[in-house]
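Read the structure below first, then the notes.
The values are calculated or read from the model by the stated rules, or taken from the named source; none is laboratory data. Every value quoted in this text rests on a predicted model; they were computed, and no experiment measured them. A quick note on method: Cβ atoms are made from the backbone with ideal geometry, for glycine too, and the neighbour counts reach across all protein chains shown. Only protein heavy atoms, including side chains, enter the accessible area calculation; ligands, DNA and RNA are left aside. Shrake-Rupley method; radii C 1.70, N 1.55, O 1.52, S 1.80 Å.
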Amino acid sequence: MSDAVDLNGSVGEVIREAASLLDVAWARIDAELLMAHALGCSRSAMLLHHMGDPVPDAFAPLFARRLAYEPVAYITGSAEFYGLELKVTPAVLIPRGDSETLIDAAQDHFAPGEPPQRILDLGTGSGALLLAALAQWPQAKGWGIDASAPALAVAQANAARLALADRAAFRIGDWAQEVEGPFDLLLINPPYIGVDEPLSGDVLREPANALFAGADGLDDYRRIAPDLPRLIAPGGMAAIEIGHRQGDSVGALVAAQGLSVAIRHDLAGLDRCVIATRT
């Protein structure tokens, strides 16, 4: 590892050199997160107080894993989502900022009126969406469904760490087939990548069953859409994450169930969320 990066400099110097070796757009942030983890402090504390410190021995093996394209969140065991620090493992997808679009959409929907009381998160994974929603609406209770028992264990651990376990229940299931509604808010993040789409880098390390959904990436939307009318309460909504080219196709599947449809863009201006409401 010392052949790849000189570990004899200060924390700031080694971060700069390490970032130059990473072939990703966010290389500097990755190097900073790994260094902070090796130091045992937050990234902000490191940037403020430890940039001149010697590099800890723990940094070398962490950086070697990143050079091999292991995602930073799996290396450190945590990721931030909507201001929450979440535990993540290779059993779950890494929470991403694009998915925060669903929570933003829900906030806008409920801002003028009554807050949601009952929340359903389909494909909960780490629990990111459900726990973020429960943190926003302290009076709400939520249910997270996932087909993966290891993923549900991660979600339950996150709920306990965030002191939300008394308002969050998790269970194994096949989408919403055995779920009784209605719910004020549905948060849905299914697999949406076509099996033949080319992928590279970090995403190759994430669980395939949470990524791929048939030849066109729409298989799970086809299964979920028919249940939406019975699950959305009057005045409620479903926020459904989509790939940036899937707005029209997923919107059509939802509209075919007699629901009103709107598309929400992410911060990059790309289609990211189908909003479904009762007409």
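Report yes if some residue within region 123-130 is of a type outside the set (Gly, Ala, Ser) and open to solvent by 50 Å² or more (accessible area, probe 1.4 Å); otherwise report no. Within region 123-130, not a single residue is of a type outside the set (Gly, Ala, Ser) and open to solvent by 50 Å² or more (accessible area, probe 1.4 Å).
Mind listing whichever residues of region 109-132 are more than 13 Å from the chain's Cα centre (by Cα) and modelled with pLDDT of 95 or more? Reasoning before the result, please.
Within region 109-132, the subset more than 13 Å from the chain's Cα centre (by Cα) is 109-120.
Matches in region 109-132: 109, 110, 115, 116, 117, 118, 119, 120.
Return yes or no: is residue 11 farther than 30 Å from residue 244 by Cα, crowded, with 16+ Cβ neighbours inside 10 Å, in contact with an Asp or Glu (Cβ under 6 Å, 6 or more places away or on another chain) and modelled with pLDDT under 95? Against the criterion (farther than 30 Å from residue 244 by Cα, crowded, with 16+ Cβ neighbours inside 10 Å, in contact with an Asp or Glu (Cβ under 6 Å, 6 or more places away or on another chain) and modelled with pLDDT under 95), residue 11 does not qualify.
Got at least one residue in region 131-138 being of a type in the set (Gly, Ala, Ser) and open to solvent by 30 Å² or more (accessible area, probe 1.4 Å)?
Within region 131-138, the first condition is being of a type in the set (Gly, Ala, Ser), and the residues that meet it are 132-133, 135.
Narrowing the set further to residues that are open to solvent by 30 Å² or more (accessible area, probe 1.4 Å) leaves 135.
So far as region 131-138 goes, yes, one or more of its residues are of a type in the set (Gly, Ala, Ser) and open to solvent by 30 Å² or more (accessible area, probe 1.4 Å).
Please work out if residue 36 is part of a helix (DSSP H, G or I) and surrounded by 16 or more Cβ atoms within 10 Å (Cβ to Cβ). Yes. If you go through region 228-244 one residue at a time, how many are over 22 Å from the mean Cα position of the chain (by Cα) and open to solvent by 30 Å² or more (accessible area, probe 1.4 Å)? Total satisfying the criteria: 4. Filtering region 41-70 to residues that are in a helix (DSSP H, G or I) and in contact (Cβ under 8 Å) with a residue 40 or more places away in the chain leaves 59, 60, 61, 63, 64, 66, 67. The lone criterion from (1) surrounded by 21 or more Cβ atoms within 10 Å (Cβ to Cβ); (2) closer than 30 Å to residue 26 by Cα left unmet by residue 146 is number (2).
Within region 198-217, does at least one residue satisfy the condition of being modelled with pLDDT of 95 or more, over 28 Å from residue 22 (Cα atoms) and within 21 Å of the chain's Cα centre (by Cα)? Lay out the reasoning, then the answer.
Step one: of region 198-217, the residues modelled with pLDDT of 95 or more are none.
Within region 198-217 (the criterion being modelled with pLDDT of 95 or more, over 28 Å from residue 22 (Cα atoms) and within 21 Å of the chain's Cα centre (by Cα)), the answer is no, since none of the residues qualifies.
All conditions in (1) part of a helix (DSSP H, G or I); (2) open to solvent by 40 Å² or more (accessible area, probe 1.4 Å); (3) at pLDDT 95 or above hold for residue 73, with the sole exception of (2). Residue check: is residue 99 touching a residue at least 60 places away in the same chain (Cβ under 8 Å), within 20 Å of residue 211 (Cβ to Cβ) and surrounded by fewer than 19 Cβ atoms within 10 Å (Cβ to Cβ)? Criteria not met by residue 99.
The condition of being closer than 27 Å to residue 267 by Cβ and free of Cβ contacts under 8 Å to residues at least 60 places away in the same chain holds for only one of 73, 38, 106, that being 73. Scanning region 88-98 for residues being in contact with a strand residue (DSSP E or B) (Cβ under 6 Å, 6 or more places away or on another chain) and not in a helix (DSSP H, G or I) gives a total of 3. Criterion applied to 259, 186, 211, 253 was being more than 28 Å from residue 70 (Cα to Cα), touching a residue at least 40 places away in the same chain (Cβ under 8 Å) and hydrophobic (A, V, I, L, M, F, W, C), and the one residue passing it is 186. Taking residues in region 263-279 that are open to solvent by 60 Å² or more (accessible area, probe 1.4 Å), and partners anywhere that are β-branched (Val, Ile, Thr), the pairs with Cβ atoms closer than 7 Å and at least 6 places apart or on different chains are 263/274; 264/101; 264/275; 278/232.
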